[in-house]
Structure formats: structure tokens, C-alpha cells
Amino acid sequence: MTDLTASPANAAAPRPSSLLTLDARTKRRNAAEARFRMMGAIAVAIAVLALVGLLVSILGNGLSSFRQTHVTLEVFLDPAKLDKAGDRDPAKIAKVTTFGYAPLIQAAMQTAIEKAGATTEGVNAKQAAGLISDEAAATLRRFVMAHPERIGETLSFPMLANGRVDGYFKGRVTMESAALDRNISPEQLQLADKLRAAGVIEMKFNWGLFTAPDASDTRPEAAGLGVAILGSAYMMLIVLVLALPIGVAASIYLEEFAPKNRWTDLIEVNISNLAAVPSIVFGILGLAVFINFVGLPQSAPIVGGLVLTLMTLPTIIIATRAALKAVPPSIRDAALGVGASKMQSIMHHVLPLAAPGILTGTIIGLAQALGETAPLLLIGMVAFVREYPGAPPEGFFDPASALPVQVYNWTQRGDPAFIERASGAIIVLLIFLMAMNIIAIILRRRFERRW
Amino acid sequence: MSPIKTSVSALALLAISATAGAARDQVQVAGSSTVLPYAAIVAEAFGENFDFPTPVVESGGSGAGRKKLCEGVGENTIDIANSSSRIKQSDIDLCAQNGVTEIQEVRIGYDGIVFASDINGAEFAFTPADWHQALAAKVVKDGALIDNPYKNWNEIRADLPAQPILAFIPGTKHGTREVFDEKVLHAGCKADGTLEALKASGDEKADKSCMALRTDGVSVDIDGDYTETLARVDANKNGIGVFGLSFYQNNTDKLRVATMDGVVPSVETIAKGEYPVSRPLYFYVKNAHLDVIPGLQEYIEFFVSDDMAGPDGPLAAYGLVSDPELAKTQEMVANRTPMGPLSN
């Protein structure tokens, strides 16, 4: 450098360089830097926009699913219809199917309309009863089966309103669309308006979304996530109980004890590969091994849990090994130096220091498993399941659904009300995922130590 | 940890836990996504009215369901396969190979396939020949076999609207596509004379060539379900989608249905056989499971009962065209008559 500046050519024409006036080259460099920064900012903006767009569309479609239209009717439990023999014999009462309960609801609706003083031009008794969900007959029958002694009384029952009526109060169904819709007429909606003014119809918080099981295509208003939430919870429990100990034990062995040779290298490469295997492959494995070979039942959370365990293990092992590696060797050396055995140094010092990292990795692995649908497709969990699984451990073998599966199922249904439900289910799933990620962040913030 | 090690340790845990699995007490069903809504409606009503648990109904396609049915006999195999097309000889062979010998074939009713466009769009009155001319790769025009030249519907027939041709049809993995190919494209091919022209030109597979579609983006295969078709029609107002009758009936406020041969598709016109594009729906029952799985016999009897599958039942209300020969099916189910060999 000094040679160059000292050369006569340079000395003859010194560069007009100043900190205050920028030369062309510096300007170019500054411009390039500004462009580079701008590109980064644009990338962030695109990501934020995409996220906002996603959230707006999901929340816009789904928030309304947390409220549901209910109808409260005084139903006369007519002994002439429900218990012809009059001896309150449960076996005979059970013979009356839900179809036999429909006339009671129809009659109760007429009474309610009269009480509200609403006129019903263009709406016959059957259409008026059509404002109420088909689920109502099942609700009534369940009550009568449980309390046969109350036949003959007039009782007040909260019932769900039909999905279209619910859609009307949420703005999804309009008078114009109802005129074209063969499932509801504008006259029925006018009647619904009058009943709402009279307080018979009201909007309430939709607890059913969280507790009720799935429902068939004819009654979207009754569909809930109860079975799916239970199924997902069971699977996460299985994944946690199996994947965490196996994953941590494997990582400790590989990181602390295993000799560095070709075999451990091979295992290491395989673990990294396994983490990148598409999840559907684990589903095929689950079908072949757990269902066809071991003979576990179809659609059961135990199989789902095992498949998701296999899927989550590589994630946990990689995170755990990284956490173990991050513990400084001086800690190990000090422990060994004061006479601790290898096991003591790991259990007393290395593992506690690595714990936040391990837990973070585990929670992120679990969150990933919670949102997984593809492997469940092959083991029969993408299904219409209405029965709640029993309490664990037997419940692990009962059929169940899962949260992402329920979203997938609902988006395929014909009735537009299921789109709202599906978005609601996505919100529930997102809340679960966010809660898990927040826990992971808190754990890391609170317990992580930097050296 | 290697994959072998992983599975071995998981298997060891399983061997202990597998013994805890109790006998299955609910009916398991898999198969066609077209039959799924009907099966779900029946399963729900069955669970409400009987002392048996609600059956579990899986979708996944007719072919996949039948394959699962034929996997063997035992509690970890399914009891019923829903199917929107008839069982194939290859399925029966597979069943026989795995020890599934007696299968009941239960026809639950008929399903209509409708053509519908955006509610605010023009009205269409189609014939199968129109569809063939719109979508086929090769058509006859003025007596000559040429590559499909049509861009607008009114070029095919003057009384159709002047609207660009754009069709969203079910992808080849759907059972609906088979019906579309056979009852619309093939029928249209015959009607507009292309079949004869193809045969005359020495095409040995003329029947197949009839159903070859043009590839210039005018016909779009939808591999998803009807909700995707609806979204496409919604996004592109010129598009005409192929839907199931029940799906259309749930979305009459968004779709305008087209007539076929002058007939408006409805449960009534399909039941009378006037509307040409329809198909029977089935489910297949493994007889070996009838006395093993509690509630199986009751479920299939309930499915075909007048209360459910009859013309005034909830299935008909949802869009299933009830079978005029339902009484025969009820008798067959009560007697557990297994199906004979396929006639064709």
C-alpha cells in the first residue's frame, strides 16, 4: 500500500477524497447498501403481510363460530307419543326413535310462536320447526331416556337453531340468498327475526364447539371439537411420554459416551435424514407395523401417538444434542476434577444446564406433531367419530379424531356453515400452538444461561 | 438413534400395551367420499337411537375402501366399504385371497351429477354432445375429424350463450369422473358422430379416444372435493363445474344448475330415470363380521330402512335419490345374502 501511494503517478494526481464530499464510488457503495437494506425490509414486509392476510381471513371467517344461535322452547313431553303403554318402561320408551320426537318439537314451536304473538304467513308448522336443528330431537330423547319419570311434564329446553338461521344472524345468509336457497325461505327468516325480538331466539357463547362431538352434514350447528381435542391431547401425551425419555437418552449416549467412529457418524447422518422425511412416510410405516403387524386397532390415538413419536424423535434428538453441546466443557471438567463419576457429572451438572434447550426442542417437536394430518390419514384417524374415547389407558385404544383432522374434514363438507366451523377450529388449533410456543420461549428466557 | 432401533423400542413398548386393547365394540366403515355424508347421517342417527356406539366412518375413496375391506377378517380390519362405483373383479379376487369370502352388496340409492355455473351467470341447457364437443381432443366438424377448435359455447350450438368454454371436472381419481366419462363424454361422442368418424379413421381404441380431453387449459381437472370446484367457479365466473346433486342442493344460493337433455336435475327426475347422468351408490359388508362386531347387522338394516333411505327419509332430504327397489334390498340384508359373481 505504502509503495503504491508513494508511486509518482499517484503523487501527481492525488485522489480528491474527503469525508464531507462523497466520491462516486462511495456513493455507489452507499446506494448498494441502501438497496440491500431495502430488500431485507421488503422481505420482512411480505412475510408480515402474508401473516396478517392469513390471520384476517381466518379470524374473519372463524370468530363468528364462537357464538351460536339458541332457541329456548317449552316442550310438553306428551305421554301419548312417548309412552303409549303408560308404564314408564325404559325398554318401551327406547323404541320411540328421534323421528317420534319431531312432532313434540313442532308443537312446542307453535306454542312459542303464539306466545310471541308472531304471525306466520307463508310458514307452515313443519317449516317453523325447521328453524330448529335436527339435533334437538336427539337432545330431547337423551333427556327422556335419562329421566323417564318426567314424561307428561312441560319443560324448558335450550336447543340449537338450524345452521341457516344461525348464519342469518351472523350475516352469512341474507334474505336474497335465502330466496334462492332450497333449505330456508325468507319467510322463515322473518319469523326468526320476530322470535328473536320476543327473546325465544338468542345468541350465546358456543361452548358446544369445544365439548360436542362431530356432527353429520345435515347439522353443522351441532358439530364440535370435543372428540378431536381429546384425541389430540391423548396423542400428545403418548408422544411426550415416549419421545422425551427415548430422545434424551439417545442424545446423552451419542453426545457423552459414544466413541467417534464410522458407526456413530452413520447414525448421526441417519437422524438428520430422518428429520427431513415427509410425514406421510411415517403414516405408511405406522399402518404396516402398528396396525397390520402388531394388530393395534384402527383410528386409535395409541397408533397416532406412536407414529407421531417416530416423527418427533429426530427433532428432539437434534435439539437435545445441540443443548448438550452448548454446555461448556469446563463444567464437565470441573465435575470430573472434584471426583464426580461420568454419570454424576451428566446427571448433576450437564443435564440441568441443558434442560431449557431440551424442553424448548421438545415443545417445538410436540407443536409440530399437533398440527400433523398426513400420517393420521393412513391409520384411519381421518374419520367421522362421534363417541368420546374413554379415560386413559383404555381410551388410548378407542377411536378418536384430532384437531387438524377435524379442520380437514370440515373443509370438505357441502354445507357452507362448515367453513365457519373449520376456521373456528383453526383458531383453536392456533391458540394451542401459540400457547406451546410461548411456553417454550418463557422456559428459554427464564432458565437459559449464557457463558 | 437409527430407524431400526427406534422401531424396535417402540415395538417392545407396544407388545406390552397391545394386550390391554379390548375387543372392538363399534362398527368401522371406510370408503367413498361421495357416500361419506350419507353414511355419517345414518351413523349419527344410529348412535342416537340404538344402544350401540356410533360407527366410525372414514373417507379415502371407493377403491381404497374396498381394498381395506379385502385386507382380511379380524377386528383390526374394517366391516363395511362405501363405494360410489361397483366392486371390481380384482377386488373380489383380493378378498378371496385374504379369506374374505362372503360379501354383501347393498345398493343404497342413486346419486345425480349436475353441471352448475355461477348464480349470476347465463343459463345453460346442455346435451351430452355439447360437452363432448366442448372438451374432447378431437371432434367432427363438417364431416372431418379435427383438433377441437371451439372457444365459445355458442360456436358449438347457436342457442348456447356466447361465453368462453371453461369446465372444472373431477380428477381421474374420483368415482364421479368415471360416470362423467361414460354418461356424458362417451354418450356425447356417439351422438355427435365422432365415435363413428374415429372408427372409420381406423382408431382401434375409438371408445377410449372419445374420452380424451383437450389439453389447452379449457378443461380443468379438480383433484380436491366439490368445495374446491365451487371456489374455482366463484373465482372464475365463466367456469362451469361438475358437482354432486347433494352438494348443489346445499349451495343453491351460489350456483345455477344447467339442464341436461332438457331435464332439470332433481331427486324426482333422477328417480324417474329422466335425468341421464346418475349412478348407483353401494356399500359392501363383510359377512364374517356380522356376528362378531356388535351392532353391525342393526346398522346395515337401519341404513336401508324406510326411515333413513326411503323417499321421505333424511338421506333423500340431503340429496340421495332413493332406490325404487329398496324393499328388495331390505329383504336381502335381513337374509344376509352374499353377492354372487359379477355378471359383466
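Every number in this text was worked out from the coordinates using simple rules, so none of it is lab data. A quick note: this is a predicted structure, and the numbers were derived from the prediction, not measured. Cβ atoms come from the backbone with ideal geometry, glycine included; neighbour counts cover every protein chain shown.
Placing unit charges on the Cβ atoms of the charged side chains and taking the dipole of the protein assembly as shown about its Cα centre, the candidate lying farthest along the positive direction among B:ALA81, B:THR227, A:THR111 is B:THR227.
Taking each residue of A:108-115 in turn, how many C-beta atoms of other protein chains fall within 10 Å of its C-beta, and what is the average?
Partner Cβ neighbours, averaged per residue: 0.
Straight-distance candidates among the lysines for linking to B:LYS173, with alpha-carbon spacing under 22 Å and chain neighbours fewer than 8 residues away dropped: B:LYS67, B:LYS68, B:LYS88, B:LYS183, B:LYS205, B:LYS208. Between the C-alpha center of the range B:251-285 and that of the range A:225-278 there is a gap of 52 Å.
Working note: 222 nm ellipticity from helices only, DSSP H runs with n ≥ 4, each -39,500 (n - 2.57), summed and divided by the residues of the protein assembly as shown, gives -15000 deg cm²/dmol to the nearest 500.
Have a look at the DSSP beta bridges in chain B and tell me what percent are antiparallel, nearest 5. Provide the component values of the computation, followed by the final result.
Working: 30 of 43 bridges.
Roughly 70 percent of the beta bridges in chain B run antiparallel, per DSSP.
Based on the Kirkwood radius over alpha-carbon pairs, what is the Stokes-Einstein translational diffusion coefficient of the protein assembly as shown at 10 °C with 1.306 mPa s viscosity, in µm²/s? It would help to have the intermediate numbers written out before the result.
Details: Rh = 30.5 Å.
Result for D is 52 µm²/s.
Charges at C-beta only: +1 for Lys and Arg, -1 for Asp and Glu. How large is the resulting dipole of chain A about its Cα centre, in Debye rounded to 20?
Values: 40 positive and 35 negative charges, 344 e Å.
About 1660 debye.
Spin-label pair A:SER330-B:ASN154: with each label point 7 Å from Cα along the Cα-Cβ axis, the two points sit 8.6 nm from one another.
Net charge of the neighbourhood of B:ASP207, taken over other residues with C-beta under 14 Å away and scored Lys/Arg +1, Asp/Glu -1, is 0.
Applying a 10 Å radius around every beta-carbon, put A:63-70, A:196-203, A:211-218 in order of their mean neighbour count, most first. Each step should come with its number before you reach the end.
On the way: A:63-70: 19.8, A:196-203: 16.1, A:211-218: 22.9.
Those peptides, ordered most packed to least, come out A:211-218, A:63-70, A:196-203.
Under the criterion of Cα pairs below 8 Å and six or more residues apart, the relative contact order for chain A equals 18 percent.
Compute the FRET efficiency between B:ASP234 and A:ASP23 as 1/(1 + (r/R0)^6), taking r as their Cβ-Cβ distance and R0 = 56 Å, and round to the nearest 0.05.
Details: r = 59 Å, r/R0 = 1.05.
The formula returns an efficiency of 0.45 here.
By average Cβ neighbour count within 10 Å, what is the ranking of B:184-196, A:301-313 from highest down? Walk me through the intermediate numbers first.
Values: B:184-196: 20.7, A:301-313: 28.4.
Sorting B:184-196, A:301-313 by mean packing, highest first, produces A:301-313, B:184-196.
Normalised by the residues of the range A:172-283, what does the relative contact order come to in percent, with Cα pairs under 8 Å and at least six apart? Mind showing how you got there, number by number?
On the way: 52 pairs, mean separation 11.6, N = 112.
Dividing the mean separation by the residue count of the range A:172-283 yields 10 percent.
For the range A:192-235, the direction-averaged projected area of the alpha-carbon convex hull comes to 3.8 nm².
Determine, for A:PHE293, A:PHE157, A:PHE418, the number of other Cβ atoms within 10 Å of each Cβ, and report the residues in order from fewest to most. Walk me through the numbers on the way to the answer.
Values: A:PHE293 11, A:PHE157 17, A:PHE418 23.
Listed from fewest to most nearby Cβ atoms, that is A:PHE293, A:PHE157, A:PHE418.
Karplus-derived 3J(HN,Hα) values for the range A:163-175, using 6.51 cos²θ - 1.76 cosθ + 1.60 with θ = phi - 60°, are x, 6, 5, 4, x, 5, 6, 9, x, 7, 9, 10, 4 Hz; glycine and proline are entered as x. Within a straight-line Cα-Cα reach of under 16 Å, B:LYS141 can be paired with the following lysines, leaving aside sequence neighbours fewer than 8 residues apart in one chain: B:LYS151, B:LYS190, B:LYS199.
What separates the Cα centres of the range A:408-451 and the range A:133-211 is a distance of 30 Å. When the convex hull of its Cα atoms is viewed from all sides, the range B:112-278 shows a mean projected area of 9.2 nm². Dipole of the range B:89-187 computed with +1 at Lys/Arg Cβ and -1 at Asp/Glu Cβ about the Cα centre; of B:ALA134, B:VAL114, B:ILE169, farthest Cα towards the positive end is B:ALA134.
Based on Cβ point charges of +1 for Lys and Arg and -1 for Asp and Glu, what charge dipole magnitude is obtained for the range A:226-447 about its Cα centre, in debye rounded to the nearest 20?
Numbers: 12 positive and 11 negative charges, 116 e Å.
The dipole of the range A:226-447 has a size of about 560 debye.
Cβ crowding within 10 Å, taken as a proxy for footprinting-reagent exposure, orders B:TRP153, B:TRP131 from fewest neighbours to most as B:TRP153, B:TRP131. Note on A:LYS194 and A:LEU49: their simple-model spin labels are 5.1 nm apart, each label 7 Å out from Cα toward Cβ.
Once you charge only the Cβ atoms, +1 for Lys and Arg and -1 for Asp and Glu, what is the size of the charge dipole of chain B about its Cα centre, to the nearest 20 debye? Each step should come with its number before you reach the end.
Numbers: 29 positive and 47 negative charges, 209 e Å.
Taking the Cα centre of chain B as origin, the dipole is about 1000 debye.
Comparing A:ALA47, A:PHE396, A:PHE290 along the charge dipole axis of chain A, the residue lying farthest to the positive side is A:ALA47, per the Cβ-charge model. The alpha-carbon atoms of the range A:226-447 define a convex hull whose volume equals 135 cubic angstrom per residue. For B:ARG256, the residues 5 or more places off, or on other chains, whose built amide H falls under 5 Å of its own are B:SER117, B:ASP118, B:ILE119. Less than 13 Å Cβ to Cβ from A:MET347, Lys/Arg counted +1 and Asp/Glu -1: what total charge do the surrounding residues give? Value of the local net charge: +1.
What's the average, rounded to a whole number, of partner chain beta-carbon atoms within 10 Å of each residue's beta-carbon in A:215-221?
Numbers: counts 3, 14, 11, 10, 2, 1, 0.
For this peptide, the per-residue mean of nearby foreign Cβ atoms is 6.
With the Kirkwood sum run over all distinct C-alpha pairs, the range A:398-446 has a hydrodynamic radius of 12.3 Å. Within the same chain, lysines fewer than 8 places from A:LYS204 are excluded, and of the rest, those with a Cα less than 23 Å from its Cα are A:LYS115, A:LYS170, A:LYS194. Among the chymotrypsin sites (Phe, Trp or Tyr not before Pro) in the range A:132-212, those placed in a DSSP loop whose Cβ has at most 14 other Cβ atoms within 10 Å are A:TRP207.
Sequence-distant contacts, meaning Cα pairs under 8 Å at least 6 residues apart, place the relative contact order of the range B:21-103 at 34 percent.
How far, in nm, would the chain grow between A:ALA179 and A:ASN261 when pulled straight, counting 0.36 nm per residue and subtracting the alpha carbon separation?
22.0 nm
Cβ-Cβ distance of A:ASP78 and A:GLN127, R₀ of 25 Å, FRET efficiency by 1/(1 + (r/R0)^6): the value works out to about 0.70. Membrane-span-like helices in chain A, defined purely by DSSP H runs whose alpha carbon atoms cover 24 Å or more axially and whose average Kyte-Doolittle hydropathy reaches 0.5, are A:24-62, A:226-252, A:301-325, A:351-370, A:417-447. The Cβ shell under 11 Å around B:MET260 holds other residues with a net charge of -2, Lys and Arg each +1, Asp and Glu each -1. Our note on the geometry: Cα centres of the range A:282-330 and the range A:36-109, 36 Å apart.
Spin-label model, A:ALA146/A:GLU114: points 7 Å from Cα along the beta carbon direction are separated by 3.0 nm. Across all directions, the shadow cast by the convex hull of chain B built on its C-alpha atoms averages 22.0 square nanometres. With a 10 Å cut-off around each Cβ of B:245-253, the average count of Cβ atoms from other chains is 6. Ordering B:36-42, A:326-332 by mean Cβ neighbour count within 10 Å, with the highest value first, yields B:36-42, A:326-332. Rounded, prolate or oblate, given the Cα gyration tensor of chain A, with a/c below 1.5 counting as rounded? Judged from the Cα gyration tensor, chain A comes out oblate (a/c at least 1.5, b/c at or above a/b).
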